[in-house]
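Scroll down for the structure; my scribbles are underneath it.
The values are calculated or read from the model by the stated rules, or taken from the named source; none is laboratory data. What you see is a predicted model; the values in this text were computed from it and never measured. Reconstructed Cβ throughout: ideal geometry from the backbone, glycine too, with neighbour counts over all protein chains shown. Only protein heavy atoms, including side chains, enter the accessible area calculation; ligands, DNA and RNA are left aside. Shrake-Rupley method; radii C 1.70, N 1.55, O 1.52, S 1.80 Å.
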Amino acid sequence: MGDREARDLLQAFQAGKISRRELIAKATVLGLSLSVLGGFGLRSASAAAMTDVKIGVDLPMSGGEAPNGVPTNNGVLMAIDEANKAGGSYNFSESLKDDAVNGVHDPAQGAKNVQELIADTSVVGIVGNFNSNVAQASIPITNAAGIVQISPSQTNPTLTKPPAALQLRKANPTKINYFRVCATDDLQGPVAADYMFRKLGVKKLAILDDQETYGKGIADQVEMEFKKIGGTVVSHDGIPKGTQDFHAILTKIKSESPDALFFGGVTTTGGGLIRKQMPDVGMTAIKYMGGDGIVEDEFLKVGGDAAANSYGTVAAIDATKVPAAGAFLSSYKAKYNDDPGAYSANAYVCANLIIAAVKAVGPDREKVRAWVAGQKAYASILGTFGFDANGDTTNRIISVYKVESGKWTWVDQVNFGA
């Protein structure tokens, strides 16, 4: 009878219905012989002594930000699940924190979250955050603690590049602990500007930004590049936080006769409402573009019919364009009955970096940090990449998307590493 029950457990394990740790725990409770599990690299009685390791995660998980945070976190969960099923000496789990307050990402909450994650000694590394202004609040804390922090999506250049970045890592200026697997806005902004000018025929551009770290940063980069290549910026305005009615500013912009409007920010800070309200003031024919802050389902929901033919950039390669990501894409679809978000694959890579570091050097925060910092040719589902001296990825690809048939569709990419 014991062997039959053991076979049932093994079949459940192979089918992905239970984790390796659950397999061992159930077998131990039932008093089954664990010798038959040896073929899976499992230890017998000592298996219950596996080391528990947590990966901290800080993302905006609620309100209007959930369409960003949830699919990004799904990538982390997939990496953890796969690691546990593969077996080994460690049982990985997630410690998840939500940095959204009233549905909008909040730097103060993000700072509090990483402090709590650091206080948990079983947390060896952190995936996150999502928004650049949250990183400005959290990097000084994680740097002082010496814990690795890897972001799938934060794009503001000042987070890593001197001299501004040195103010964020005052405690350990030469020990890089913050890394990101996405490209930066000094690349993303110019790609957006070039695409509008060269591909969409935009010669006169109006710009709005939400006055936050990410939004203003990418908007400034767009403005500089657009002027550099011969375009005219008719206006660049910042919008007050919490604005819901954009009709007045849009009416002013319409009078300037731009060919397009670029928005620097995210859906919850105005990206969706601006697009929705443009037809109200007769701006239906004016093109609309933003950065990765609007390339998400929430923008489609808020923008409604007006969202059609909008454009956006994402500071990462589209996973569907990488053969190595095929298994990830099919597994994600099967598990969540949905396509991955813009940064799901990036988050999967972030988590796998921490997992690989733990397997290589053990669950020691400083050793994990140093291992990640030393990666120069890390093979991932998004291609082989390394980290430069600032903690930025060498995989510098910007993708361009367009809203077609009610969804974001990839249309182009620029590879700055080629």
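Miscellaneous remarks
- Label positions at residue 377 and residue 119, each projected 7 Å from the Cα along the C-beta direction, are separated by 4.4 nm.
- Applying the Kirkwood pairwise sum to the alpha-carbon positions of segment 215-259 produces a hydrodynamic radius of 12.0 angstrom.
- Rounded to 5, the percent of DSSP beta bridges in the chain classed as antiparallel: 30 percent
- Nearest-0.05 FRET efficiency for residue 416 and residue 257, computed from C-beta distance (R0 30 Å): 0.35
- For segment 88-155, alpha-carbon Rg over 2.2 N^0.38 Å: 1.10
- Per-peptide packing, taken as the mean over residues of other Cβ atoms within 10 Å, places 392-398, 201-207 in the sequence 392-398, 201-207 from highest down.
- Shape parameters for segment 57-171, alpha-carbon atoms, Rg then Dmax in Å: 14.3, 43
- Within a Gaussian network of the chain (alpha carbon springs, distance under 10 Å), most fluctuating of 137, 248, 83: 248
- Computed over segment 322-402, the Cα gyration tensor eigenvalues convert (square root of 5λ each) into semi-axes of 25, 17, 10 Å, ordered from largest to smallest.
- For segment 70-171, applying the loop criterion from DSSP together with a ceiling of 15 other beta carbons within 10 Å to the trypsin sites (Lys or Arg not before Pro) yields 170.
- Expected-Rg normalisation [2.2 N^0.38 Å, Cα atoms] applied to segment 188-240: 1.05
- Annotation: per residue accessible area for the chain equals 39 Å², rounded to a whole number [probe 1.4 Å, protein chains only].
- Percent accessible area from carbon and sulfur atoms, the chain, protein chains only, probe 1.4 Å: 51 percent
- Cα pair distances of the chain binned at 10 Å [whole percent]: 5, 22, 30, 23, 12, 6, 2, 1, 0
- Entry note: segment 125-238 has Rg to Rh equal to 1.07, where both radii use alpha-carbon atoms and Rh is the Kirkwood radius.
- Cα centroid of segment 394-418 to Cα centroid of segment 323-357, whole Å: 17 Å
- Rolling a 1.4 Å probe over the protein heavy atoms leaves residue 224 with an accessible area of roughly 110 Å².
- Reduced Cα scattering model of segment 157-303, Debye log10 I(q)/I(0), q = 0.15, 0.19 Å⁻¹: -0.75, -1.10
- Taking max minus min of the alpha-carbon positions on each principal axis, segment 284-335 gives extents of 40, 21, 16 Å, largest first.
- For segment 243-365, the Kirkwood estimate of hydrodynamic radius, built from reciprocal distances between every pair of different alpha carbons, is 16.9 Å.
- Residue 229-residue 407 pseudo-label distance in nm [points 7 Å out on the Cα-to-Cβ vector]: 2.8 nm
- 3J(HN,Hα) along segment 245-258, derived from phi through the Karplus expression 6.51 cos²θ - 1.76 cosθ + 1.60 where θ = phi - 60°, amounts to 10, 9, 4, 5, 5, 5, 5, 4, 5, 4, 5, 8, 6, x Hz, with x in place of Gly and Pro.
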